[in-house]
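Here's the structure, in structure tokens; my notes come after.
Derivation of every value follows stated rules applied to the coordinates shown; laboratory data play no part. Note that this is a predicted model, so its numbers are computed, not measured. Using ideal geometry, Cβ is built from the backbone for each residue, glycine included, and neighbour counts are taken over all protein chains shown.
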């Protein structure tokens, strides 16, 4: 008897548990038994495991459970069990704040949000982003107010957050009483495939990689497993022939795991190779199928099978008419041998058991022959007369035609004589790699079960590490197109290959950008037409319309246009309704598009039109949308209507640079209102991902998104059309695309604190992306995706999950380093964080801040050294004596800061006065709410502090407390954009403008400049007072970096471009700053660095791109050299020297 597994240990997670134990010698597998802790004798759940570790889902958080495990082995095709292990207790727990993901309600209903964290109900606050849709009480009770969607944010005292989506008025049961079944041909694991897989530990997952989305979209998927999977016998790549001389079709059991992972629900084992490893091998194969959660069809005790698929009972029967001569002395019914009378009895059994639709698999025909034999036709006719509804053939390893059989009872039965090989390395014929998936949709109607049958063509291709199956749809290569044509020819007229659907686009140019170069077939005739225009009355005005689009608009024949369309789907966005002006004449509206304005109709009547611009009257818009919805629904079913929701970001991108864009909050709010209303009318499929993407910086198209947005929508469209996902509201962005964006914008993101726009720190993957480096993220892309897909939030869970992944050791080391730096450094060894230095991770900044408690002047460049000597006071003192940097204060902008940062080991910034124009240093304090948290400043404590200091005008006080003997200053702050707040002024930048703090006071602020708000005399006195202060504080140890304002910049493609002067203040600013620079230098006799005049502005500047003082990167390096020289005692007090060789080469490169 097998021994009991030892050292069973259960690790609990959120609703799940991972059990680990020592392996048992001689075991073929293990059985886990679960119990409620208070009922230790009553088993509530049993699961099989092939290895000594298993993760099981489906447990209730907070409840105590017990798990025990026993080993088993196969003897004579049966399981023989070992002793039970000692029990191990576990209590599942969610370590982060958690509630329902989505709550669906109807108007007027109430629902309760249920939340938890660590098996407790913590105190939380609730915040709803749209109280017009839903309201929420302090106790979490939600009331549906009107149709639409809203999000309720839960925030715990500890700062954790969770968002619940509220959907009001949507029909979530889109496909009632409909079952989608996919029926496939032979899946083989042949010699060459096994050889290649042996190089990857016999992992066959890649073979189904591109097929997985298609198969998983079905409610039920079946294929023919034409191999045994018995690890107790030689595999085909080890022994090509059986002892009798026939092919040895035996494969590793991991092949079944790969099939299951692809999304299959059942496998047919009635075929001529099911006895290649004897009855023992067949038993092991079937047991492996069952243990994986799939159904076996055709052999052993599974001659028939009934699956309840969305409430429709579908019967399956599988038989085999081919013999390899290996089945002697084995009862025919055990191996699925076809005998007509027995087959008829099996069909009757299915009917008696309630099967409403019966599918029969038959293994027959001649290998490598596309010709259907008479014997097949006669057998098919008999099977149809027995009462089956669909026949699927296999074995020939090539496709054969489709036929229709008419029974004596008046039924029509489709017969696919052979589907060929779905997966195979066979290559005797081209057709060995071609197949179709039968796409069967069953719908319950009043008159019974209605069937719709179509075919999805596939092609099995060679890859560098094996073979993979691809679906032939969309844009095809020349080779793929030839295969599809051949498949069509073989199937004949009865084999309907469903063409990829055609889409009618009705909305803005965003839709055209989505569909352009996508491979989708589309009609954009109805683009740039507002619903207000489409449903208004036709006028009696005359004039030629010109384009077909204008004809629809002018003749008001949108409905007849739709009726005549050959499109399968309509795709809508509401930008034209929310943002495009209309021309009005009487009760008629016309969309103010370029096409309309250029028409003869417009030019003949333009004096009669009244131009009206958004926002339009709300009642008028809702009335138009209501009529518009009626017209659309008269043509398309709800699941054939797709709404692409639009939300325009205030951030735009220029290549890999992030920029501030136009504020479109008012437009976004209007769009949301219109979209919510249309959703309540149409109940369409909704794609709502635009809010996760930035705008593209294109002056000619203000509606252009970054390219990955279009890829994301295309993926969602594909999912909606193929029903790859069952839901109809697509709001989660594609994780891979989001990670690609993080890599693309990484440098700019970290330089400009845009992490909150691209990352969600609730997830380990996103925190690690922020803490490591762009290169590390790129090199470990798949692990980041894996963690994010599994929504891992804790470091412990991440380490456990990654421990099962080969090659994830570096990632695990990085996580351990992050844990160490987050915790107590006393418990941290050098080996624990060595990867931080080896990989030059950004978490060196975090480490530097912690080490500054040991050595004040710790910076990322020396933090490794400081960490190693942190516990030795003598070494620290010696290090300071040799390396103590010069302490400086800064009063100024990025000009000074970026220059000093180029030599952080030798120059240490003690105090930095930021966003405080020194001419305002003596003004009265601006009221500031001390209770405001860093959350109001995008989570930045430093930004909160600097804004507070600016409001309280604390610059002079801060410098008075400094230990530095030098001051570095620039005067860019004097000409920055400011806000007038009452009688006070404060400086703003793009970061401040996007904080919740500023948004809370923005209605009381007015944009202005310092030179517009203070008199010359006032500013002169302010300068004199400031100069007196700094000379008394620093003497002549003051360095002024002059800022030459630029009207030209070097673009990303290395051309010189003009900078915009939108408010016509450039000359004023230039004169203003130059005047104060000269007067400051005269009054203080400071040292002056005057090299900015030799450099251009540069669009590559990480902190915001081209700007009047965002210079070339080389400027800051050369400026730093001059600063270092002055600090070291250089005699001169003025320098304008630059690297002339650099200047010459730069000028040669500029186009």
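A few points about this structure:
- Taking other Cβ atoms within 10 Å as a rough exposure proxy, 667, 643, 534 sort from fewest to most as 667, 643, 534.
- The mean sequence distance of close C-alpha pairs (under 8 Å, at least 6 residues apart), as a share of the length of the stretch 502-730, puts its relative contact order at 20 percent.
- Beta bridges from DSSP with both residues in the chain: antiparallel share about 60 percent, rounded to the nearest 5.
- Inter-part distance where the stretch 175-223 and the stretch 63-97 are each reduced to a Cα centre, Å: 29 Å
- Computed on the Cα atoms alone, the convex hull of the stretch 9-90 gives a volume of 87 cubic angstrom per residue.
- Angle between the chain longest axis and helix 478-491 axis [Cα atoms, degrees, rounded to 10]: 30 degrees
- Rounded tilt (10° steps) of 278-291 against the dominant C-alpha axis of the chain: 40 degrees
- Note on the stretch 243-277 and the stretch 358-412: Cα centroid distance 23 Å, given to the nearest whole angstrom.
- Nearest 10 degrees, 0 to 90: helix 665-682 Cα axis against the chain principal axis: 20 degrees
- Residue-averaged [θ]222 nm for the chain, counting only DSSP H segments that reach four residues, each worth -39500 (n - 2.57): -9500 deg cm²/dmol
- Within the stretch 84-231, percent of DSSP bridges classed antiparallel, to nearest 5: 70 percent
- Here Rg and Dmax of the Cα atoms in Å was calculated from the structure, and among (i) 40.1, 134; (ii) 36.0, 113; (iii) 47.2, 164 it sits at label (ii).
- Ascending count of other beta-carbon atoms within 10 Å, so fewest first, for 865, 478, 406, 305: 478, 406, 865, 305
- Euclidean distance between Cα centres, the stretch 1001-1056 to the stretch 505-525, Å: 49 Å
- Look at the alpha carbon pairs under 8 Å that are at least 6 residues apart: their mean separation over the length of the chain gives a relative contact order of 5 percent.
- Entry note, the stretch 505-626: relative contact order of 32 percent, from Cα contacts under 8 Å with a spacing of 6+ residues.
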